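Read the figures in this text as sums done on the coordinates, not as results from a lab. The structure presented is a predicted model; accordingly, all values stated were derived computationally and were not measured. All Cβ positions, even for glycine, are placed from backbone atoms using ideal geometry, and neighbour counts span all protein chains on display.
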Amino acid sequence: MKDKKIDNRQQTTDNRKSSGDSKKKSFFGKNSDGKKNKPPYAKASEGEKDELKEMEHSYKRALADYQNLIKRTDVEKQDFMKYANERLLTEILPVYDNLKLALAHANGNEGDSIVEGVKHVLNQFKSVLNNLGVEEIKTIGEKFDHHTMEAVEKKETDDKKKDGIVESEVMAGYRLGDKVIRAARVVVYEYKK
């Protein structure tokens, strides 16, 4: 019984294929004979032609909107995937900063196994962040950039060349790809006139 159903379906499919017109027409362009297809409204009255043209225009506009939606959705998906870890990273970065701070304050105990362990953990941490696309914003000695830095203090200087240059970093800033996830907090030189 099952075999008969399969055979019947196969015959029905074969009949559909063979019953089709040997001269297949494509909707756009030319048919299989090489003759140009006439638009579907060629035999319609003037009022019907206008209505059909308007419907065709609406169809093309809707199709273009749909294609734009697909492109925009793809871009949004890529951005989402690229920045999906941002929230997690903003929670983890203070821990990384504290490890760097602990190591900076333990500078007199170079041979201590705890200090060596913290150095190792800090290197691992930095490697993981780099693999995720996180990079630390360079600040010290750089020109102040309000897109990536936040000035928390100004330090007067007599050297005009140092005006607007970052003197020190209070808290490191980080970038994920091309997006700043935390601005660096810095002390900036200001020329004293």
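Compute the length gained on full extension between THR90 and ASP65: take 0.36 nm times their separation in residues and subtract their Cα-Cα distance, giving the result in nm to one decimal. Provide the component values of the computation, followed by the final result.
Numbers: separation 25, 0.36 × 25 = 9.00 nm, distance 3.68 nm.
Working it through step by step, the gained length comes to 5.3 nm.
What fraction, in whole percent, of alpha-carbon pairs in the range 38-193 exceed 29 Å separation?
Values: 6046 of 12090 pairs.
Result for the distance tail: 50 percent.
Between ARG185 and LEU99, the FRET efficiency from the beta-carbon distance, with R0 = 22 Å, is close to 0.75.
Dipole magnitude of the range 74-193 about its Cα centre, charges +1 at Lys/Arg Cβ and -1 at Asp/Glu Cβ only, in debye to the nearest 20?
Details: 19 positive and 23 negative charges, 40 e Å.
I would put it at about 200 debye.
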